[in-house]
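Here the structure comes first, spelled out in structure tokens, and everything after it is commentary.
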Amino acid sequence: MTAGTVQTQNMTGALPLAEDGVPIKMQAQKVNVHYGEKQALYGVDLDVRKNNVTALIGPSGCGKSTFLRCLNRMNDTIDICRVGGNILLDNEDIYDQRIDVVELRARVGMVFQKPNPFPKSIFENVAYGPRIHGLAQSKAELDEIVATSLQKAGLFEEVKDRLDEPGTGLSGGQQQRLCIARAIAVSPEVILMDEPCSALDPIATAKVEELIDELRENYTIVIVTHSMQQAARVSQRTAFFHLGYLVEEGKTNDIFTNPKDQRTQDYITGRFG
Ligand SMILES: Nc1ncnc2c1ncn2[C@@H]1O[C@H](COP(=O)(O)OP(=O)(O)O)[C@@H](O)[C@H]1O
Ligand SMILES: [Mg+2]
């Protein structure tokens, strides 16, 4: 690598492997987070497996969103927030000073709790990212990226005849799929989702959950959810957070049927949270 350049290619061959042989896309090592004097995360270690959905669960206030935001440096936008430890993406430290944060957030996209389309047309919502990242050489190419992204987000059929109408005019579930299309449009490798269904009705939730399962084929997904049912439905791996500690992580089925830690047991049986 020449000085000043940052390696951004995804070299799957070089990724470390988890004990079950699955490549590790992101690694958190001894991550501590403080907001001012207050510590929110304590020494969190987590391997995020490639093409898996990893669910982060735990009671409110235990640090799930804080941890998720570490994975694409969204905490940088919070003045009093300090992040310690290492976070690797394809084996490369995302907090390295050579990392371009805008580019990082294209590689590690984010979908928020409340659908937040821009006050622009459906088309522009999806076209914005590819345009600022220079991903399309022509209008035809941009049209193609928008259409493909909407298709991957399971929204194209519903909106193809009204791409010039405002994104904010869609239903809540459609808006959330539009936000997923917007994230997909810049070809991310990882998609972070913070309780993406909590503002949606059950039918819209089911659609987004189905979509998450399909997206796993091409992306690595980390999702915060307060719903254990949702974690069980959409994820292969589950990490349980409690009071700023990652208590345990494992196969989703094992976490829900045979947790190792008493705190996990108490949470999944509804004793607190
Ligand atoms: N922007 C912030 N400023 C100060 N404290 C925060 C901020 N965001 C979160 N916290 C604190 O960090 C802890 C973890 O919060 P959070 O990560 O939002 O938990 P969760 O997503 O599990 O509900 C809480 O004590 C919360 O009050
Ligand atoms: Mg949260």
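No lab work stands behind these numbers, since they all come straight from the coordinates. The shown structure was predicted, so the numbers you read here are calculated from the model rather than taken from an experiment. Because the Cβ atoms are built from the backbone with ideal geometry, glycine has one as well, and the counts that use them run over all protein chains shown.
Worth a mention:
- Phi-based couplings in Hz for the range 194-204 (Karplus 6.51, -1.76, 1.60; Gly and Pro marked x): 9, 6, x, 10, 6, 9, 10, 6, x, 6, 5
- Kirkwood hydrodynamic radius (C-alpha pairs) into Stokes-Einstein, the range 211-255, 25 °C and 0.890 mPa s, D in µm²/s: 218
- In degrees, nearest ten, helix 172-184 long axis to first principal axis of the chain (Cα): 90
- Cα centroid separation, the range 14-66 to the range 109-156 (Å): 28
- Remark: the range 124-273 projects, on average over all directions, an area of 10.1 nm² (convex hull of Cα atoms).
- Summed side-chain charge close to Ala136 - residues other than Ala136 whose Cβ falls under 12 Å, Lys, Arg +1, Asp, Glu -1: -1
- Dimensionless Rg ratio for the chain, taking C-alpha atoms and the 2.2 N^0.38 Å reference: 1.00
- Measuring r between the beta carbons of Gln97 and Ala14 and using R0 = 22 Å, the FRET efficiency lands at 0.50.
- All lysines inside 30 Å of Lys139 as judged from Cα atoms, apart from same-chain residues fewer than 8 positions distant: Lys120, Lys152, Lys160
- Considering only Gln175, Gln262, Gln230, the Gaussian network model of the chain with Cα springs below 10 Å gives its largest mean-square fluctuation to Gln262.
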